[in-house]
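Q: Starting off with a structure, shown below.
The values are calculated or read from the model by the stated rules, or taken from the named source; none is laboratory data. Just so it is clear, the model here is predicted, and its values are computed rather than measured. Neighbour counts run over all protein chains shown; Cβ positions are idealised from the backbone, glycine included.
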Ligand SMILES: [Zn+2]
Ligand SMILES: [Zn+2]
């Protein structure tokens, strides 16, 4: 046929498990393209037979409208691609096997569509604290190995119900191949206990937790990347008790507000800072205090406060119920890593927390909250963890022989960096390596990264400090 091009497009980067194929499928429908799209070991491959005008539109959409969580590193185009296949339509075809694409995505905050689901009384996910889709939800915190598939995550123990399975298999559904897909019928469940682990019987766990917090109680809450200790920011005695029980005299506590307007009641928020607060990484943003309305015990002698917005559906539901800000600080004992499992939380935080808001989806990889600040027109990352890590920095050609080099980082505020054939992977913030527990965590993470990125450590880089 005159004027018909046959083209192969290879897209690399974070393009698997983020709804990229359904996105391409929808564009193909929109522009009447013929061909197919599939995942392979490198990324996403599109074979398309179309006119030059159609191709230009496709390329524009790929560059401008790609799914929220995707991150394209490269789009390479093979012109005059020889394909004997005759396409009568456009389809999502079976993934081609090969060495797995080693792009592990960071966890992402709940998206607006999922917020609509959990707040709509007629939706089957109304009030469900583990709602997610391909545009949001846990990723790095639940992955055990690659390829990123449900069976390689802590969701493997939950079998999808018929309705969830239908969404998971439907190429045009927002939950097509969303690995942590779940609902109240088939997915993880909340549990509320007292400090001794005794169940608190209640019809609505989120409502009950909110009422306990309003009574001034301290609640340990299992989040996405670890446990937090929470109390209401407006109750001075609760904040003081949290400081005393955690033996934390001065270090500032972080806060979680329901929305940006609530943050603005206490802090000055520029447009750029608002952008950071609402970013899908949902970090703690350090902001200049506007007044002293909140307890001085939250951040003694500081001119700024660290605020974040609810990033998991559980946080979202809880903050809606509370209608005011929460103090949220890492659930750990001094110098130890943030706790990630229910039993350790009950054992180690029982003297600090009055109640425990638990759930049965295991946190596989510990990722603390990230901390950022907007300085001199730019983003400064103070603690790079949940929402940002792991992110890879692609190398230009010529670095292949660096694969297996591990830069171990510092003793204080440790992060490490592992080099693969094509990228440098910076780990999440591990923390100070003062205790056996945190050193063990450091070693566990190095093992994890070697496994996730299929790269064995061959050389070490460290500074000459005796420690
Ligand atoms: Zn979502
Ligand atoms: Zn279900």
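Q: Tell me yes or no: at least one residue of segment 457-465 is crowded, with 18+ Cβ neighbours inside 10 Å, in a loop (DSSP other than H, G, I, E, B) and in contact (Cβ under 8 Å) with a residue 24 or more places away in the chain.
A: No, there is no match, as no residue in segment 457-465 is crowded, with 18+ Cβ neighbours inside 10 Å, in a loop (DSSP other than H, G, I, E, B) and in contact (Cβ under 8 Å) with a residue 24 or more places away in the chain.
Q: A follow-up question, please. What tally of residues in segment 27-42 results from selecting those that are touching a residue at least 60 places away in the same chain (Cβ under 8 Å) and in contact with a strand residue (DSSP E or B) (Cβ under 6 Å, 6 or more places away or on another chain)?
A: So the answer is 1.
Q: Still on this structure, please answer the following. Can you tell which of 288, 278 is in contact (Cβ under 8 Å) with a residue 24 or more places away in the chain and surrounded by fewer than 18 Cβ atoms within 10 Å (Cβ to Cβ)?
A: 278
Q: Related question: Applying the selection to segment 138-171, what residues are within 16 Å of ligand 2 (Cβ to nearest atom), part of a loop (DSSP other than H, G, I, E, B) and more than 22 Å from residue 126 (Cα to Cα)?
A: Of everything in segment 138-171, those that are within 16 Å of ligand 2 (Cβ to nearest atom), part of a loop (DSSP other than H, G, I, E, B) and more than 22 Å from residue 126 (Cα to Cα) turn out to be 156, 157.
Q: Scan segment 124-136 and give yes if some residue there is without any contact (Cβ under 8 Å) to a residue 12 or more places away in the chain, within 16 Å of ligand 2 (Cβ to nearest atom) and surrounded by fewer than 19 Cβ atoms within 10 Å (Cβ to Cβ), otherwise no.
A: Yes, there is a match, as at least one residue in segment 124-136 is without any contact (Cβ under 8 Å) to a residue 12 or more places away in the chain, within 16 Å of ligand 2 (Cβ to nearest atom) and surrounded by fewer than 19 Cβ atoms within 10 Å (Cβ to Cβ).
Q: How many of the residues making up segment 209-242 are in a helix (DSSP H, G or I) and surrounded by 17 or more Cβ atoms within 10 Å (Cβ to Cβ)?
A: The qualifying residues number 8.
Q: Scan segment 365-380 residue by residue and report those that are outside any loop (DSSP other than H, G, I, E, B) and either without any contact (Cβ under 8 Å) to a residue 40 or more places away in the chain or within 11 Å of the chain's Cα centre (by Cα) (or both).
A: 375, 378, 380
Q: Across segment 109-123, which residue is surrounded by the fewest Cβ atoms within 10 Å (Cβ to Cβ) among those that are near ligand 1 (Cβ under 8 Å from one of its atoms) and assigned to a loop (DSSP other than H, G, I, E, B)?
A: 111
Q: Could you check residue 118 against (1) within 18 Å of the chain's Cα centre (by Cα); (2) at pLDDT 95 or above; (3) within 16 Å of ligand 2 (Cβ to nearest atom) and say which number it fails?
A: Status for residue 118: all satisfied but (1).
Q: Give the residue, chosen from 162, 203, 198, 214, that is away from ligand 1 (no atom under 16 Å from the Cβ), under 17 Å from residue 324 (Cα atoms) and more than 26 Å from the chain's Cα centre (by Cα).
A: On inspection, the qualifying residue turns out to be 214.
Q: Turning to a different aspect of this structure: Looking at (1) touching a residue at least 60 places away in the same chain (Cβ under 8 Å); (2) more than 30 Å from residue 281 (Cα to Cα); (3) in a strand (DSSP E or B), can you tell me which one residue 48 breaks?
A: (1)
Q: Right, here's the next one. Kindly provide the set of residues from segment 172-194 that are more than 16 Å from ligand 2 (Cβ to nearest atom) and buried (at least 17 other Cβ atoms within 10 Å of the Cβ), ordered by number.
A: 192, 193
Q: OK, next. I need a count of the residues in segment 139-151 that are touching a strand residue (DSSP E or B) at 6+ places or on another chain (Cβ under 8 Å) and either without any contact (Cβ under 8 Å) to a residue 24 or more places away in the chain or within 16 Å of ligand 1 (Cβ to nearest atom) (or both).
A: 2
Q: From the list 418, 393, which residue is free of Cβ contacts under 8 Å to residues at least 40 places away in the same chain and buried (at least 20 other Cβ atoms within 10 Å of the Cβ)?
A: After ruling out the rest, the residue left standing is 418.
Q: Can you tell me which residue within segment 438-454, out of those that are touching a residue at least 60 places away in the same chain (Cβ under 8 Å) and crowded, with 16+ Cβ neighbours inside 10 Å, is farthest from residue 398 (Cα to Cα)?
A: Out of the qualifying residues, it is 438.
Q: Can you tell which of 278, 209, 193 is within 16 Å of ligand 1 (Cβ to nearest atom) and under 27 Å from the mean Cα position of the chain (by Cα)?
A: After ruling out the rest, the residue left standing is 278.
Q: So, in segment 165-177, how many residues would count as being out of contact with any helix residue (DSSP H, G or I) (no Cβ under 7 Å at 6 or more places or on another chain) and within 13 Å of ligand 1 (Cβ to nearest atom)?
A: Of the residues in that region, 1 qualify.
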